[in-house]
Amino acid sequence: MSSALKHPCGVELGGGQAIGPRLGDQQLFLPDRRPPGVAVLGIVMFASFGVSLDDRLADLHLPPDARQQLEGEKLALGAAEAPEGLDAGSRAAVERSFDEAFVSGYRVVMLVGTVAALASALGAALLVEGIKPSGEREEAGTKTLAA
């Protein structure tokens, strides 16, 4: 027996269960509602990580088969692991390259976020510049009525 609360429209609310409309025994998933900025930052992170990792791995002079395995590991970003066939020194260098590339990508994303926040603040300052606070409006209205 289910402990979920059932709503007349077919939505179930329960501890640890998915929330969404149900059709018979099938859970229907609602479309993702994240803002597009999150997707853009994800793309920026992935691109920055890839470029940084390629630069770092180029200095290591790895065998071609190891390079090919590392290309597949790029999708894992910070959770990527070095191929098994490398010696301990090369493996440690590859792991460090993954870590440094992830931090580099994260810095780029933080820089993009900072620039967006500053641009937003500047836009707000330019758009709201001529508006007086409500207290000043009342004082100005009182002065004109008294005159």
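The values are calculated or read from the model by the stated rules, or taken from the named source; none is laboratory data. Not measured: the values here are computed from a predicted model. Neighbour counts are summed over all protein chains in view; Cβ atoms, including those assigned to glycine, are modelled from backbone coordinates with ideal geometry.
Using the structure shown, decide if Leu60 is more than 14 Å from Gly105 (Cβ to Cβ) and at pLDDT 80 or above.
Details: more than 14 Å from Gly105 (Cβ to Cβ): yes; at pLDDT 80 or above: yes.
Yes.
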| request: Collect the residues in the range 61-96 that are within 12 Å of Gly50 (Cβ to Cβ) and buried (at least 18 other Cβ atoms within 10 Å of the Cβ), keeping them in residue-number order. | output: Leu70, Leu77, Ala80
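When the residues of the range 97-106 are filtered to those that are of a type in the set (Phe, Trp, Tyr) and buried (at least 19 other Cβ atoms within 10 Å of the Cβ), which remaining residue is farthest from the chain's Cα centre (by Cα)?
First pass over the range 97-106, keeping only residues of a type in the set (Phe, Trp, Tyr): 98, 102, 106.
Now narrow it down to the ones that are buried (at least 19 other Cβ atoms within 10 Å of the Cβ): 98, 102.
Details: Phe98: 19, Phe102: 13 Å.
It comes out as Phe98.
Looking only at residues that are in a helix (DSSP H, G or I) and within 20 Å of Tyr106 (Cα to Cα) in the range 73-89, which one is modelled with the lowest pLDDT?
Restricting to residues being in a helix (DSSP H, G or I) and within 20 Å of Tyr106 (Cα to Cα), the top hit is Gly78.
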| request: Collect the residues in the range 56-65 that are in contact with a helix residue (DSSP H, G or I) (Cβ under 8 Å, 6 or more places away or on another chain) and assigned to a helix (DSSP H, G or I), keeping them in residue-number order. | output: Arg56, Leu57
| Close pairs (6 angstrom Cβ cut-off, 6 or more residues apart or separate chains): basic (Lys, Arg) in the range 68-85, assigned to a helix (DSSP H, G or I) anywhere | Lys74/Gly50
